Structures are given as structure tokens and as C-alpha cells.
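> What follows is a structure written as C-alpha cells; I'll ask about it next.
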Amino acid sequence: MNNLLIKPFIILVRFYQLAISPWLGNNCRYQPTCSHYMIGALKEHGLLKGLWIGTKRIGRCHPWGGQGYDPVPKNNTKK
């Protein structure tokens, strides 16, 4: 059930990656990129927490923010 709720958001991010991101150029400060991070967060943490973690990451992505390797945190409550 959770997979069915996450799938539309992943499709939306994939659309961004294919249709919009190439026009903006590769200006990513983090590795993995924010779009890959969002997909990873959704898969690892589920819909609500994944959206929250991904949105926080996008909020950190600005000229005065950090940079470098920033992986999706592991879900400690996952069975």
C-alpha cells in the first residue's frame, strides 16, 4: 500500500530529472543530487517522513549552504 502512495511522487521527481533539470544545468552542491536524495528518502522512510527529509535537504541547497557527500539517513525503525 505504501508503495502505491510513493509511486506518484517518484514519477514526479523523475519527470523533473528528465524534463526540467537538463535545462537548469548541473549546479548540484551535494552528492547525491537533491532529486536522487528525495527518491531515496521516499523509498527508505515512506511518504510523510521521506517528503519531510527530502524537503529539508532541498531547503539546505542554496549558495550559503553546505556541500559534499550527504547520504539519506538510514531508517532505524524499518523491520
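> Could you compute the net charge surrounding Ile39? Neighbours are other residues with a C-beta less than 12 Å from the C-beta of Ile39; K and R count +1, D and E count -1.
+3
> For the chain, with every protein chain kept in place, what is the accessible area per residue (1.4 Å probe, Å²)? The partial results should precede the final answer.
Values: 5940 Å² over 79 residues.
That works out to 75 Å² per residue.
> Please give me the summed charge of the neighbours of Leu5: other residues whose Cβ is under 14 Å from its Cβ, Lys and Arg +1, Asp and Glu -1.
On the way: positive: Lys7, Lys43, Lys49; negative: none.
Its environment carries a net charge of +3.
> Quick one: dipole size for the stretch 5-69, taken about the Cα centre, charges +1 on Lys/Arg Cβ and -1 on Asp/Glu Cβ, in debye to the nearest 20. Don't jump to the answer; show the numbers that get you there.
Numbers: 8 positive and 1 negative charges, 22 e Å.
So the magnitude is around 100 debye.
> Could you tell me how many cubic angstrom of Cα convex hull volume the chain has per residue?
Working: hull volume 6.7 nm³, N = 79.
Taking the convex hull of the Cα positions in the chain, it is 85 Å³ per residue.
> Continuing with the same structure: Express in Å², to the nearest 10, the accessible area of Lys7 obtained by rolling a 1.4 Å probe over the protein heavy atoms while all chains stay in place.
Looks like 120 Å² after rounding.
> While we're on this one: Take every Cα pair under 8 Å in the chain that's 6+ residues apart, average their separations, divide by the length, and report that relative contact order as a whole percent.
Computed value for the chain: 34 percent relative contact order.
> Let me have the 222 nm mean residue ellipticity of the chain computed from DSSP H runs of 4+ only, each contributing -39500 (n - 2.57), with the sum over all residues rounded to the nearest 500.
On the way: 4 runs with 44 residues, N = 79.
Using -39500 (n - 2.57) per qualifying helix, the result is -17000 deg cm²/dmol.
> What accessible area, in Å² to the nearest ten, does a 1.4 Å probe give for Arg14?
Here the accessible area works out near 100 Å².
The values are calculated or read from the model by the stated rules, or taken from the named source; none is laboratory data. All of these numbers come straight from a predicted model, not from anything done at the bench. Cβ: placed from backbone, ideal geometry, glycine included. Neighbour counts: every protein chain shown. When the accessible area is computed, the model is the full protein with side chains, heavy atoms only, and any ligands, DNA or RNA have been set aside. Shrake-Rupley method; radii C 1.70, N 1.55, O 1.52, S 1.80 Å.
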